[in-house]
Structures are given as C-alpha cells and as structure tokens.
Amino acid sequence: MNKNDRAKLKFIMAFHDGAEKRLSFLLQLYKDEHVDEALTLCLSYIDSFAQWLFWPCGKSGEDFVNASIDFGGDTTIGLIHPLQAVREFRRMKNIWNDIAVKIEEIFPGPDFELLTKDQFIQKISNHLPSKFISMVTSELWRTTIASIAYFYFRNPSIHGFGGELNMSFSKTTYQGKQVLELNFDRLYNIAINLHSELRRRAETTIQWFGNDDIIHA
C-alpha cells in the first residue's frame with residue numbers, strides 16, 4: 001500500500017469509527033428510555049447503509065429490505081409472511097387486488113407459518129397463472145419480515161413522527177417455533193451488521209463503502 005492509499009484509508013476508517021460511536025449512542029438512548037428516538041435513528045441508519053450497499057439502485061424500500069436480508073445477520077428477517085403479502089398486494093390495487101384475494105384463499109389464517117421464497121412460490125404456483133407468478137416474484141421483497149420493518153417501523157418513524165416500537169407475531173410460527181418479536185434489539189443488530197459490511201468493503205478496496213463513485217453521486 002502506497003503513502004496516498006494509507007492516508008486515504010486512515011481518513012475512511014475515521015469515518016467508520018465515528019459511525020460506530022453513533023451506533024453505540026443508540027444503546028444509551030434506549031437505556032435512558034428514549035426508545036422512540038433510538039429506534040428512529042436506528043431505522044434511518046439502516047436506510048443510509050442500505051443505499052450505500054446497493055448503490056446505485058436507489059429504491060429506498062427495496063434497498064432497505066434487501067440489505068437487511070443479505071447483510072443483517074438475522075436468519076428469519078427474509079422469510080415471507082403470507083399475511084404481509086396479502087396486505088401489501090392489496091395496497092398496490094388494480095390487478096394486485098386479485099392476486100391478494102387468491103393468496104388470502106391459499107393462506108386463510110388466522111395462524112400462519114413463515115415461508116422461504118421458494119416455498120411461497122411453490123405453494124401459490126398451483127393456484128395462480130404463470131404471468132401472476134412472475135409479477136409476484138418481482139415484488140417478493142414486499143412480503144418479508146424485513147418489509148414489515150420498512151412499512152410499519154421505518155416509514156411512520158421517519159415521515160410520521162413515530163411508528164411501531166415492537167411487533168409480536170403471536171399467531172405465526174417458523175418450523176414449529178414461535179416467531180421472534182420485531183423490536184429495537186433486532187433492528188439494532190441489523191444496523192451493526194450492515195455497517196460492518198460497509199467497513200469491510202472499505203478496508204478491502206480502499207474506497208468509500210467499496211466504491212468511491214458513491215460519494216460523488
């Protein structure tokens with residue numbers, strides 16, 4: 001590594017050291033019972049990290065969800081909740097309403113089992129035309145536990161001065177076990193892991209977030 005690269009890497013690592021301090025401060029906020037503030041900042045950090053990890057995609061919701069799934073270190077955050085699929089596809093309206101109705105018939109509830117993406121597609125394939133399967137596959141990010149974090153935590157927290165602080169899944173299981181509550185602890189761990197991936201990319205490439213073009217965009 002030449003002198004210029006060493007100086008550049010030192011500067012980049014100083015940024016990431018600062019980011020770690022900001023992340024650590026969230027724990028203090030949470031311990032001091034500033035839960036709303038801790039969670040809102042946590043979600044905004046996940047948002048920023050996700051945009052850097054998936055640059056230049058620029059799709060806020062999809063980036064948030066995919067980053068949480070790919071780099072968040074949470075084994076169930078990427079699983080599909082059939083009820084979330086129904087709710088999101090119904091909200092999209094038009095032909096998506098028909099798809100939502102059919103999915104609700106396939107998964108009537110009130111008890112639900114989380115599914116992998118392959119399991120979900122396999123279960124709906126016998127009930128929906130192939131053109132609908134293709135549409136659903138392209139929007140699967142909306143159906144995950146990570147998307148619940150985006151739509152019910154991130155959006156209202158950032159745009160509406162407060163959202164969910166936690167969400168339990170009392171009627172939902174995965175492989176026969178109760179699904180963990182979605183809360184600050186889970187989201188904080190995701191934020192930590194996303195930043196760790198960004199830091200790894202920077203250290204490996206000696207570029208900002210793994211690609212200097214990001215800071216010039």
Task: Cα centroid separation - segment 170-217 against segment 1-69, whole Å - done: 9
Open item on the list: 7 Å from Cα along Cα→Cβ at both Thr204 and Arg22: what's the point-to-point distance in nm?
Closed with: 2.3
Open item on the list: Explain nothing, just the number: dipole magnitude of segment 42-164 about its Cα centre with +1 on each Lys and Arg Cβ and -1 on each Asp and Glu Cβ, in debye rounded to the nearest 20.
Closed with: 360
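What is the local net charge at Ser170, summed over the other residues whose Cβ is closer than 10 Å to its Cβ (Lys, Arg +1; Asp, Glu -1)? If you can, show how the numbers build up before the last one.
On the way: positive: Lys171; negative: Asp111, Glu181.
So the surrounding residues net to -1.
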TODO: Could you size up the charge dipole of segment 118-217 around its Cα centre, putting +1 on the beta carbon of Lys and Arg and -1 on that of Asp and Glu, and report it in debye to the nearest 20?
DONE: 340
Task: Cross-link reach list, lysines versus Lys117, counting only Cα pairs under 22 Å and skipping chain neighbours closer than eight places - done: Lys59, Lys102, Lys131, Lys171, Lys177
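Scan the chain and report its longest stretch carrying no trypsin sites (Lys or Arg not before Pro) that are both in a DSSP loop and have at most 16 other Cβ atoms within 10 Å. Intermediate values should be presented prior to the final figure.
Working: sites that count: Lys59, Lys93.
Counting only loop sites that pass the neighbour cut-off, the longest clear stretch is 94-217.
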TODO: Based on other C-beta atoms within 10 Å, arrange Val65, Val86 from fewest to most.
DONE: Val86, Val65
- [ ] Please list, in chain and number order, the residues 5+ apart from Gly163 or on another chain whose amide H is under 5 Å from its amide H, with Hs placed from the backbone.
- [x] Ser157
- [ ] Only one of the values (i) 0.95; (ii) 1.09; (iii) 1.03 was calculated from this structure for Rg/Rh (Cα atoms, Kirkwood Rh); name its label.
- [x] (iii)
- [ ] Please label the shape of segment 82-143 as rounded, prolate or oblate, based on the square roots a ≥ b ≥ c of the eigenvalues of the alpha-carbon gyration tensor (a/c under 1.5 means rounded; beyond that, a/b larger than b/c means prolate, else oblate).
- [x] rounded
TODO: From zero up to wherever the largest Cα-Cα distance of segment 40-126 sits, split into 5 Å bins and tell me the percent of pairs in each.
DONE: 3, 13, 18, 19, 18, 16, 10, 3, 0
- [ ] Report the calculated FRET efficiency for Lys117 and Leu180 (r = Cβ-Cβ distance, R0 = 25 Å), to the nearest 0.05.
- [x] 0.80
Open item on the list: Placing unit charges on C-beta atoms (Lys and Arg positive, Asp and Glu negative, everything else neutral), compute the dipole magnitude of segment 82-143 about its Cα centre in debye, rounded to 20.
Closed with: 260
- [ ] Just name one of Phe11, Thr76, Thr144: the one whose Cα is farthest towards the positive end of the charge dipole of the chain (beta-carbon charges, Lys/Arg +1, Asp/Glu -1).
- [x] Phe11
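Coordinate-derived values only; no laboratory data. Small disclaimer: the values here were computed from a predicted structure and weren't measured. Note: ideal-geometry Cβ built from the backbone for every residue, glycine included; neighbour counts use all protein chains shown.
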